[in-house]
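Structure, as structure tokens:
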Amino acid sequence: MRRRPTDLPPTVPRPGWAHAAAIWLAVSFVWHLQMGVMYEDAIGPGEHSGTEIAVFLAYDGLITLMSAAGVGCVLATVRPWGARVPRWLVRGPLLFGCVLLTVRGLPGLVENITVATGLTPHGLLGLDDEAADTGTWEFWKSMLINAYFFLGAVTLVPATLRYVRRGPATTRASV
């Protein structure tokens, strides 16, 4: 009889957070791949130099590759084949991703929320000359993007912590 994740002993990884993070990373991969293909829509209207376009495509390509690698790393934490991958090769990118998503998602979302609620209408640090217009699509798009990055941190951090706290001897293959 096949075991369900809830029936596994506590030392065996449960795939919930890892699968959620893998889905988040896969969506990020598709989103950035699309942005690279349709880069003219992503960088906006106007004249852009070849250097500006090249820098955008290099940045977007890096994020696309990081998202794809992230899917593999996070799945390696809960799949039997992950036991054959050196732990440092999985742990390093996951920890980097946690820091990156937390630093990118949390402050932006906090600022969006405090501006939307009127607590800091001139930005979190109060440096904006004019109060933010919370009735525009740009403001709410910024809120959605920051919430998406925060969701990435919310899924990746627990998946990574479970992997880091678990010793190298326990894998799904040992079940």
Look through SER174, SER142 and report the one residue that is at pLDDT below 95, open to solvent by 60 Å² or more (accessible area, probe 1.4 Å) and of a type in the set (Ser, Thr, Tyr).
SER174
Filter the stretch 147-165 down to residues that are of a type in the set (Gly, Ala, Ser) and in contact (Cβ under 8 Å) with a residue 60 or more places away in the chain and give me whichever is surrounded by the fewest Cβ atoms within 10 Å (Cβ to Cβ).
GLY152
Where the second residue is open to solvent by 10 Å² or more (accessible area, probe 1.4 Å) and basic (Lys, Arg) and the first is farther than 13 Å from ALA18 by Cα and lies in the stretch 74-88, which pairs have Cβ atoms under 7 Å and are six or more apart or on separate chains?
PRO80/ARG172
Do we find that ARG104 is within 18 Å of the chain's Cα centre (by Cα) and among the charged types (D, E, K, R) in this structure?
yes
Yes/no for GLY152 being in a helix (DSSP H, G or I) and under 24 Å from ALA20 (Cβ atoms):
yes
Among the helices (runs of 4 or more DSSP H) confined wholly to the stretch 36-138, which include 3 or more residues that are surrounded by 12 or more Cβ atoms within 10 Å (Cβ to Cβ) and at pLDDT 90 or above?
50-76, 87-116
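The values are calculated or read from the model by the stated rules, or taken from the named source; none is laboratory data. Bear in mind that the values here come from a model prediction, so they are computed numbers and not experimental data. All Cβ positions, even for glycine, are placed from backbone atoms using ideal geometry, and neighbour counts span all protein chains on display. Quick note on the areas: whole protein, heavy atoms, side chains included, nothing else; ligands and nucleic acids left out. Shrake-Rupley method; radii C 1.70, N 1.55, O 1.52, S 1.80 Å.
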